[in-house]
1. Can you tell me which residue within segment 1-46, out of those that are touching a residue at least 24 places away in the same chain (Cβ under 8 Å) and touching a helix residue (DSSP H, G or I) at 6+ places or on another chain (Cβ under 7 Å), is surrounded by the fewest Cβ atoms within 10 Å (Cβ to Cβ)?
2. When the residues of segment 305-338 are narrowed to those that are among the aromatic types (F, W, Y) and assigned to a loop (DSSP other than H, G, I, E, B), which ends up nearest to K109 (Cα to Cα)?
3. Take segment 361-405 and flag every residue that is in contact with a Lys or Arg (Cβ under 6 Å, 6 or more places away or on another chain) and farther than 29 Å from A274 by Cβ.
4. If you go through segment 240-272 one residue at a time, how many are away from the ligand (no atom under 13 Å from the Cβ) and under 20 Å from F156 (Cα atoms)?
5. Based on what the data block shows, is G152 over 23 Å from G267 (Cβ atoms), more than 16 Å from the ligand (Cβ to nearest atom), open to solvent by less than 10 Å² (accessible area, probe 1.4 Å) and modelled with pLDDT of 95 or more?
6. Looking at A335, A329, can you tell me which residue is open to solvent by less than 50 Å² (accessible area, probe 1.4 Å), within 14 Å of the ligand (Cβ to nearest atom) and not aromatic (F, W, Y)?
7. Which of the residues spanning segment 333-369 are among the small types (G, A, S) and either within 18 Å of the chain's Cα centre (by Cα) or closer than 23 Å to R87 by Cα (or both)?
8. Condition (residue is free of Cβ contacts under 8 Å to residues at least 60 places away in the same chain and under 21 Å from F8 (Cα atoms)) applied to segment 420-428: is it met by at least one residue?
Amino acid sequence: MVRGGRPFGDAFPHIRVTPPGPRSRALGKRLRRAESRNVTFIGDRFPVFWEEALAANVRDVDGNVYVDLTGAFGVALAGHRHPRIMRAATRQQQRLTHGMGDIHPPAAKVELLERLAGLAPWPEARAVLASAGSEAVEIALKTALLSTGKPGILAFECGYHGLTLGALATTHRDDFRAPFRKRLYDGVAFVPFPVRPEEMSPSLASCERAFEDRARRGDAIGAVLVEPVQGRGGVRIPPRGFFPELCSLARRHGAVVVADEVFTGLGRCGSMFAGPALGLDADLICLGKALGGGFPLSACLGRAEVMDAWPESAGEALHTSTFLGHPVACAASLAFLDLVESERLDRRAARMGEHLVARLRDALAGVGHLSDVRGLGLLAGVEIAADGNAARVGQPGAGARIATQLLAHGVMVLPAGERGQVVELTPPATMSRDLLDRALKQLARAVIDSSE
Ligand SMILES: Cc1ncc(COP(=O)(O)O)c(C=O)c1O
């Protein structure tokens, strides 16, 4: 039990020592020496080191209890350490912890692949498993090239698809790309991602131009890669009607459509896949994050006829990896998918998301520097504008400032957006309403205080 008589997992924030406390600070010093300095930002008020997490709570090494509105990068849709996922993983781990994915595969791999094929929006589907979201993107891009013979890629401004070299070529943010530009494939055309109805036609016209220009240049576009809702780019939701047009444009030019549902998929946005609900009729779907129920697992799922562009294996897979089809991750994933279906986590995410957005809009009505509160299911964002800026230009770094302030009050959120102007919210769908409301109240207070 945590103070207030609520059990850990559903407890209100409880800060015993101003974060980061002495133990977190000591770990920060050790980390600084042992890890590449680029990886973990260590500042005066950041980070705290996690010791334990359950459902919607995280406890740090100094005993502080937080409410996790991040779902740990959107992974914990079912909450941290859901007992049914833990039981399935433990059972599997006691029999087989690691197999030989593409040589003598673990039986659990077959079950998961069949399950994914059953969920897919096509009559027949096949998949390739991997560990990280960016790998799923790599597989989709390889598949698209095999299937169309065209190397070019159409991707979107503000899009995020991961940081491995192939995926990074399609990720838009310049600070991620700049140091590695010379290694990035340059056949990617970036076009604006519309978020308002009036931006739709200009975006589609840019797509059309990109198809024509690239075909003339000799690197014709064979893949259109798009997030149904741009997550890390700032929770950007396209207008209804955009995706059907985009898909017919892609098909007219002989390109396959890749939906990057690493963030949006598996219930997070209120349905099993966010794409179909928005009219995105994809040929390939990338999954990750929530897929492994907390274990590293990703997948590229595809229409059978597109996936069958891969040649039959003659003994050596053209694409595989050591941990492909990891049995514990597969077992955890099956338990997670059971939960999504039996507990209707997708519907819960839809309902909670509507509540969350309505609550925040209410609490923040009339706040001058609030630009927008938006979301689809439990992928929500609060955008902060620069003070006194009628055009509502984002306040750079506001997301991180609010995240740091909230951490001191026991609420975890993440920044998002190309200028860091958004607070991103991806809480577990299993969180209780009163705990969510309590955390939202604190968030609203932090937003109000964030005026420049
Ligand atoms: C839409 C999307 N695609 C791909 C990725 C990359 O996934 P990973 O970090 O697991 O490589 C992310 C990660 O945030 C993502 O949001």
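1. Among those that are touching a residue at least 24 places away in the same chain (Cβ under 8 Å) and touching a helix residue (DSSP H, G or I) at 6+ places or on another chain (Cβ under 7 Å), it is R45.
2. F323
3. T404
4. Qualifying residue count for the region: 18.
5. Yes.
6. A329
7. The answer is S333, A335, S342, A349, A350, G353.
8. No: zero hits.
The values are calculated or read from the model by the stated rules, or taken from the named source; none is laboratory data. The structure displayed is predicted, hence computed values, not measured ones. So basically every Cβ, Gly included, is an ideal-geometry build from the backbone, and we count neighbours across all protein chains shown. Note: accessible area is taken over every heavy atom of the protein model, side chains too, but ligands, DNA and RNA are not part of it. Shrake-Rupley method; radii C 1.70, N 1.55, O 1.52, S 1.80 Å.
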